[in-house]
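All remarks here apply to the structure that follows.
The values are calculated or read from the model by the stated rules, or taken from the named source; none is laboratory data. What you are looking at is a predicted structure, and each value in this text was computed from that prediction instead of being measured. Note: ideal-geometry Cβ built from the backbone for every residue, glycine included; neighbour counts use all protein chains shown.
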Amino acid sequence: MNAFQLAPFLLIFPAIGVLFNGLVGRRFVEADAKSGEKWSGWFASTMAILAFIVAAMLFFSLRSNEFHAEAVKMFDWFNIPSANFYIPWTIQVDTLSVAMMLVVTGVGSLIHIYAIGYMHGDPDFSRFFAYLNLFLFFMLILVSGSTYLMLFVGWEGVGLCSYLLIGFWFDRIDEQGKAMNADAGRKAFIANRVGDLAMILAMILLFWAFKSLEFGQVFGSAIEMFEKGEGVHLFGMEMSIGAVTTAVTALFLMGAAGKSAQIPLYVWLPDAMAGPTPVSALIHAATMVTSGIYLMVRSNVLLEIARESGNLVFGLVSSPDLIALTGALTALVAGLIAFTQFDIKKVLAYSTVSQLGFMVAAAGMGAYVAAMFHLIAHAFFKALLFLSAGSVIHGMEHGHHHVHEHDHGDDLHGVPEGDKHHEVEKFDPQDMRTMGGLRDKMPTTYVVYMIGALALSGIVPLAGFWSKDEILAHGSQNNQVVYWMLVVAAFFTAFYMGRQLKMVFFDKPRHAAAEHASESSPLMTRPLIALATLSVLGGLLNLPFLSESIKEANHGHPGGIWLGLEGWLEHSVQAFHLSEEGLIHLPHTPVVLSLPVAGASTVLAVLALALAFFVVYGKRPKTADERDPLQSTPIWWFSILPFEWFYMHTFVPGFKWLARWSADTIDWAFWHDFVHNNLIRDVFRGFANFASDVLDANGVDGLVNGSGRFTRYVGSIIRKTQSGYARNYALGVFLGTVILLAYFIFSY
């Protein structure tokens, strides 16, 4: 089976969805909301499903092709013969790109279907699905490109879609009169631009050093130069290939810090929760935020050459170790911040930042398969958690509407009758303090949420246990500092998920809205069940050997269901082959289950869950207004970390001042008033007046009128000679004759 030539349809199907909803979808919805939403939502979802089918066909084609990578050229993109610069638009079909394609389209399809129910009744229903398909289009460009430049097109495209989707409800105003969704979109856009600058610098450096941006040529040239010990002439000096790859991978870290929300650029992701919940699940849990991890895994050759060369960033630490430490610190800090959140989606947002830290740390330590394993497993259970949180919010809003319509005032004791309507209107359906007891009101959502929470906490045998344990096992053998930071972060993860489960689903409802909450529609719960199933079975993707005897029976290589993902990805992760050739020394990842590491992580996870569930939040909070048990601890300091404080008090005010100055001074005063009005309008008007009053009136009119007057004057003189008398004509002939005789006499 060979379906490689179908690869362009990965991009064509989402593009068709964008065009349909962008051009005619709104007309369908406006003509008939019920049938129009079905046309709009299901058309977009069908395009996502068709893209998934193409990705699945590519998966089977690779298997039948003995995992040999294929490049499917679509068209010539850049071709400058004089500069020997040629970049085609080519889809790279290898095991790494196909793994990402399956995650993006598979999870994306489920989220599309869920969004049909979640966005029901929104006036901009078709615009939302146009944005979703547009995101899918750019994300597939990012993971399928054969060059860094094509990857960057997708990189920028998903950044644009993130801005559009976070700010989807841009016209919503909070109690302080701020456009929180629009501000969140701008915050994400700005933070990502910082990382994008680093990406551009890295690509410039790559092209300068290797004269190409194609993955194959860049990696091949880097390996050849490293083997021969050749250097690169940069900025008038000789640089070793190790120094170049160190600089490039350090810049990649900054780029990934923007997209994958690492310290210090993580500040945009929690605010991104202002967007609709399907956006949080698709972009900020399962796909876009994993772009940085994909970039690092794809660039494994450069990372390992930088590690092997021994070059240090600022003479302190190698770039791979810097990546690992950044990821571990992000995992630790974000886990602490999650303790301080009351918004159900913000807890998951900081959890996402923390889990991305695990993946980044794994890539930095050289555990590329472990990073991808956790990426895929995290896509399953975090998309499940976000969509389940959306179901909770949906149920709380339904309960709130019920309270408002039937004038229930159970939650308004002590509030004056005239203020009850105002108090109900201020209700926040995402605040966990107003929830409680939802397991009886929303049983399906409760079960799938519990599965997602336990998977995230690392409870055996769910997917999160296997993927997180592989990272911890690698760290225990290769980097003790990173290992212990991740162990503590894993403990924090289980604690804040226990806290969330307790506050949302257990005890008695703390608000009338929770008392009257109801289960979501099957259109929303069925995708949750599918994701819950993947969260349970996802560990089968890369089960470790359970004993050395099984490993020896397989000669140290994956077999059957054992280490399936490692066997799949080894065909794309070139560092494995370089290690076998002895060119580099790739850090070893254990392929046999480490019982001490797995046992310790499981015990810590259970202890953290029990600590949160039975001790700290055992009987509290009982009411929505009761103080959180953790608010009197030093942990609460992490709710205002220096990065967030610095961003909100320096960067944001500075940016707003710059934006106002640009708008008022540069755009309005200079460009509009001076350039448009003074230079363009006034100069044009002055020239027009000069042309009309001087050139036309005195020049053109004067020339035409003057020639007429001169002709008339000459005619009036000549007319006097035409008297009609014969003697006058005879005199004229005589004078003419005299003049002719005089001419001839004096001429000779």
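Annotation: residue 249 fulfils all but one of (1) under 15 Å from the mean Cα position of the chain (by Cα); (2) buried (at least 24 other Cβ atoms within 10 Å of the Cβ); (3) not in a loop (DSSP other than H, G, I, E, B); the unmet one is (1). The C-beta contact set for the stretch 313-331 (first residue assigned by TED's automatic domain parsing to the domain that holds residue 362, second residue of a type in the set (Lys, Arg), distance under 9 angstrom, 6+ apart or interchain) comprises 318/307; 319/307; 320/307; 321/307.
Residues in the stretch 257-268 that are assigned to a helix (DSSP H, G or I) and under 10 Å from the mean Cα position of the chain (by Cα) were compared, and the one that is farthest from residue 154 (Cα to Cα) is 258. Taking the listed residues 149, 136, 160, the one that is crowded, with 21+ Cβ neighbours inside 10 Å and of a type outside the set (Lys, Arg) is 136, with no other qualifying. Within the stretch 100-124, if we keep just the residues that are crowded, with 24+ Cβ neighbours inside 10 Å and hydrophobic (A, V, I, L, M, F, W, C), the residue that is nearest to residue 393 (Cα to Cα) turns out to be 115. Would you confirm whether any residue within the stretch 435-445 is within 27 Å of the chain's Cα centre (by Cα) and either more than 18 Å from residue 510 (Cβ to Cβ) or crowded, with 19+ Cβ neighbours inside 10 Å (or both)? No: zero hits. Close Cβ contacts (under 6 Å, 6 or more residues apart or on different chains) running from residues in the stretch 224-246 that are assigned by TED's automatic domain parsing to the domain that holds residue 210 to residues that are buried (at least 20 other Cβ atoms within 10 Å of the Cβ) and among the β-branched types (Val, Ile, Thr) comprise 225/241; 226/241; 226/305; 232/244; 245/305.
Just one of the numbered conditions (1) crowded, with 18+ Cβ neighbours inside 10 Å; (2) within 24 Å of the chain's Cα centre (by Cα) is not true of residue 3: (2). Can you spot a residue in the stretch 83-95 that is more than 30 Å from residue 395 (Cβ to Cβ), crowded, with 24+ Cβ neighbours inside 10 Å, touching a Gly at 6+ places or on another chain (Cβ under 7 Å) and not β-branched (Val, Ile, Thr)? There is at least one residue in the stretch 83-95 that is more than 30 Å from residue 395 (Cβ to Cβ), crowded, with 24+ Cβ neighbours inside 10 Å, touching a Gly at 6+ places or on another chain (Cβ under 7 Å) and not β-branched (Val, Ile, Thr). Against the definition (surrounded by fewer than 24 Cβ atoms within 10 Å (Cβ to Cβ), at pLDDT 90 or above and not β-branched (Val, Ile, Thr)), how does residue 356 come out, yes or no? No, not satisfied.
Among the candidates 125, 129, 168, the residue that is among the hydrophobic types (A, V, I, L, M, F, W, C) and within 16 Å of the chain's Cα centre (by Cα) is uniquely 168.
The residue that is farthest from residue 94 (Cα to Cα), counting only those in the stretch 25-49 that are more than 22 Å from the chain's Cα centre (by Cα) and either of a type in the set (S, T, N, Q) or at pLDDT 95 or above (or both), is 35. Considering every residue within the stretch 718-732, establish whether at least one is at pLDDT below 80, at positive phi and surrounded by fewer than 10 Cβ atoms within 10 Å (Cβ to Cβ). Yes: the stretch 718-732 contains one or more residues that are at pLDDT below 80, at positive phi and surrounded by fewer than 10 Cβ atoms within 10 Å (Cβ to Cβ).
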